[in-house]
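These notes concern the structure reproduced below.
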Amino acid sequence: MLRELEREFDRSLDRYLDEWRELLAFPSVSTDPAYAGACRECAAWLTGHLAGMGFEAQLLPTPSLPVVWAQRAGDPSAPVVLLYGHYDVQPVDPLEEWRSPPFVPELRNGRMYARGAQDNKGQLFYALKAIQTLAERDLLRATVKILVEGEEECGSSGLAGSLSAWRDRLKAEVLMVTDTGTVAPGTGTIVMGLRGIIHLTAVLRGPQHDLHSGVHGGRAPNPAQGMAQLVTSLYTAEGRVAVKGFYDAVEPPTLRERELAARIPFDSAAYVASTGVPPVAGEPEFTPVERVGFRPSLDINGLHSGFGGPGSKTIIPAQALVKMTARLVPRQDPQSCLQAIIRHLQAHTPPGLRLEVVEQGVGGPALRLDPEVPLVAQARKVLEEITRREVVLLWEGASIPIVSRLAEVAGAQPLLIGFGCDEDRAHAPNESFSLSQFRQGYLYVASMLAHLQAQAHTAGSRRG
């Protein structure tokens, strides 16, 4: 079957590219309300496209942006598979760094350039085309359900608020997520865990307005200086988070997990070449791979205060702002961790300044999977056949906020396999996705569905 899938991909590639370009042209930026109309237009296009593929497709309203829902009933003896993806994308700033307009897709040197080319429109679209191929060739026996949300990039609030009401329609045995990456291009990678995420924005307020630093320096409390002290208080000299209770529920990786994590390739020199900095943050008693995969982190995302233009402006600023996120591991309760950070900030606010938390939120809890379950073994077999390489199990440091809750409500085993890589520059200017990655993803989804169907048929025959 793999050879026939490859031939079908090559025959249909031009059509796939044209359709993919249509999807990428929608500026579906969920974080900016100005693009809400474009998000809805993108969702409507996807609904029509899925209907054209032979699915029962509809838009499901949420308190915010709509969810695309589609279903194709299969053989009752075959598995039920739920595919999750998202149609929203990150903002494009800084626009001047793009070589081509971010919503005018351009194919250059075997890579499609556009915002969302990889995350997640490219990875979603190869999955849709793989499913369509099986259906058109009468090879799709599984019941396939497709859920595509519009707010993954800003917390999945609409979907999260609707899950309980949709419990019956979401029931599935396997939850396929193609919104992840590989440890190296062409290396099959199964993500065994995702960190949870929380966020907050705090403002430290001081004088009623900016003050002359000559007249008031040494007398009026300075919010910029106070914010520097406040942020510093969040960490120990060794790199641990100093917030009381932050680590209380954290469990270390098991011996088996550490053994598997040790096989994940990590080159410190390559990391420096890629990022410009050495991998020295965090808890030194854990390896860089373990720190990202099994340990929580607290990160400052932005600091803003006072004058930042050329030259000098001698002021004591009226306020300072900090934005931060924490990545969490299993057993850490997101709401409890968020409140612990807020209490720490309040307790360490310098005298004469006032702290206000102006924004806070919980993205979702962490997810960690059992590497020994049969589904993982099946996926490894499929990936090895496609890539001809040893498959790597990866504990990912990033977050897909809704996956843990979605898997719980659906009663499904999550299977997190995607083909993104650092070269794609997801979330950055000049995001792209190569045709070779698109091809591998297409082959994986079609082959995995075929394998799940075959396993179910074999099991049914044995029971018979």
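Computed from the coordinates by the stated procedures, all read-outs in this text should not be read as laboratory data. Being a predicted model, the structure only gives us computed values, none of them experimental. Ideal geometry is used to build each Cβ from the backbone, glycine not excepted, and the neighbour counts take in all protein chains shown.
Can you work out the base-10 log of I(q)/I(0) for segment 102-160 at q = 0.14, 0.17, 0.26 1/Å, using the Debye formula on its C-alpha atoms alone? With no solvent term, the Cα-only Debye profile gives -0.58, -0.78, -1.04. Put simply, the amide H of residue 316, placed in the peptide plane, has neighbours under 5 Å in 211, 212, 213, leaving out anything fewer than 5 places away on its chain. Cross-link check: pairs 145/323; 129/171; 171/323; 244/313; 171/244 evaluated at a Cα-Cα cut-off of 28 Å; pairs beyond the cut-off: 145/323; 171/323; 244/313; 171/244.
In segment 1-154, inverting the average of 1/r over every pair of distinct C-alpha atoms gives 16.3 Å as the Kirkwood radius.
The share of Cα pairs per 10 Å bin across segment 324-464, counted from zero up to the longest distance, runs 9, 26, 29, 19, 10, 5, 1, 0 percent. The label-point distance for residue 254 and residue 21, in a model that sets each label 7 Å from Cα toward Cβ, rounds to 5.0 nm. The Rg/Rh ratio of segment 286-383, with Rg taken over Cα atoms and Rh as the Kirkwood radius over Cα pairs, comes to 1.17. Label positions at residue 171 and residue 10, each projected 7 Å from the Cα along the C-beta direction, are separated by 4.4 nm. Contact order, relative form, for the chain: 26 percent (alpha carbon pairs under 8 Å, 6 or more residues apart, mean separation divided by residue count). With the convex hull constructed from alpha-carbon coordinates only, the chain shows a mean projected area of 24.4 nm² over all directions. At the listed q of 0.17 Å⁻¹, the Debye profile of segment 197-356, built from one uniform point per Cα, gives log10 I(q)/I(0) equal to -1.04. Suppose R0 equals 60 Å. What FRET efficiency, 1/(1 + (r/R0)^6) with r the Cβ-Cβ distance, do residue 451 and residue 201 give to the nearest 0.05? For residue 451 and residue 201, the calculated efficiency is 0.85. A protection proxy built from the mean count of other Cβ atoms within 10 Å ranks the segments 68-80, 402-414, 436-448, most packed first, as 436-448, 402-414, 68-80. Here, segment 243-325 is characterised by an Rg to Rh ratio of 1.14, where Rg is the alpha-carbon radius of gyration and Rh the Kirkwood radius.
Over the C-alpha atoms of segment 39-105, the Rg to Rh ratio, Rh being the Kirkwood estimate, stands at 1.11. Shape summary: segment 70-220 maps onto an equivalent ellipsoid whose semi-axes, from the alpha-carbon gyration tensor, are 43, 23, 14 Å in decreasing order. Across every pair of non-identical alpha carbons in segment 127-181, the mean reciprocal distance, once inverted, gives a Kirkwood radius of 13.4 Å.
In segment 368-452, Cα pairs under 8 Å separated by at least six residues give a relative contact order of 34 percent. Between the helical axis of 223-232 and the longest alpha-carbon principal axis of the chain there is an angle of about 50 degrees.
Once R0 is set to 25 Å, what does the formula 1/(1 + (r/R0)^6) return for the Cβ-Cβ distance between residue 267 and residue 398, expressed as a FRET efficiency to the nearest 0.05? About 0.80, to the nearest 0.05.
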